[in-house]
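The values are calculated or read from the model by the stated rules, or taken from the named source; none is laboratory data. Being a predicted model, the structure only gives us computed values, none of them experimental. In this analysis, Cβ positions are derived from the backbone assuming ideal geometry, glycine residues included, and neighbour counts consider all displayed protein chains. We work out accessible area using only protein heavy atoms, side chains counted, and drop any ligands, DNA or RNA first. Shrake-Rupley method; radii C 1.70, N 1.55, O 1.52, S 1.80 Å.
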Amino acid sequence: MRRPRWYYIIGPGVLDYVDGFAPNDVYNAFYDLIEALQVGPYPDDDLSLGVLELRDPSKPNGFSAPFNRGLVAYQVMLDQPVIKLVDVFWMDDDGEGLDYGL
């Protein structure tokens with residue numbers, strides 16, 4: 001099966017959380033990663049992204065990818081070129097973690 005050239009991003013809860021609470025460096029790194037994932041969300045698309053497969057039966061075709069001080073989890077829809085963001089986590093400057101999960 002041929003992969004799409006571009007993937008749409010959904011997950012307004014995750015995006016709203018990053019927009020509202022992420023420090024500038026985390027925010028910028030998150031959106032840089034999202035742009036790269038739109039071109040290729042699978043582990044073998046760009047090895048430098050560090051994408052890993054999620055082993056969660058409730059999230060088929062799920063993956064995670066690191067960014068700056070954080071990690072984003074997402075699913076790639078099998079029947080359409082869509083990436084669904086499902087969770088995000090990052091460490092604050094003081095070592096405390098913040099996360100959003102659906």
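Of all residues in region 5-36, those satisfying the criterion of being open to solvent by less than 50 Å² (accessible area, probe 1.4 Å) and not small (Gly, Ala, Ser) are TYR7, ILE9, VAL14, LEU15, TYR17, VAL18, PRO23, VAL26, PHE30, LEU33, ILE34.
The number of residues in region 47-83 that are within 19 Å of ARG3 (Cβ to Cβ), touching a Leu at 6+ places or on another chain (Cβ under 9 Å) and open to solvent by 60 Å² or more (accessible area, probe 1.4 Å) comes to 1. Just one of the listed residues (ASP25, ASP19, ASP32, ASP46) is under 12 Å from the mean Cα position of the chain (by Cα) and among the acidic types (Asp, Glu), and it is ASP32.
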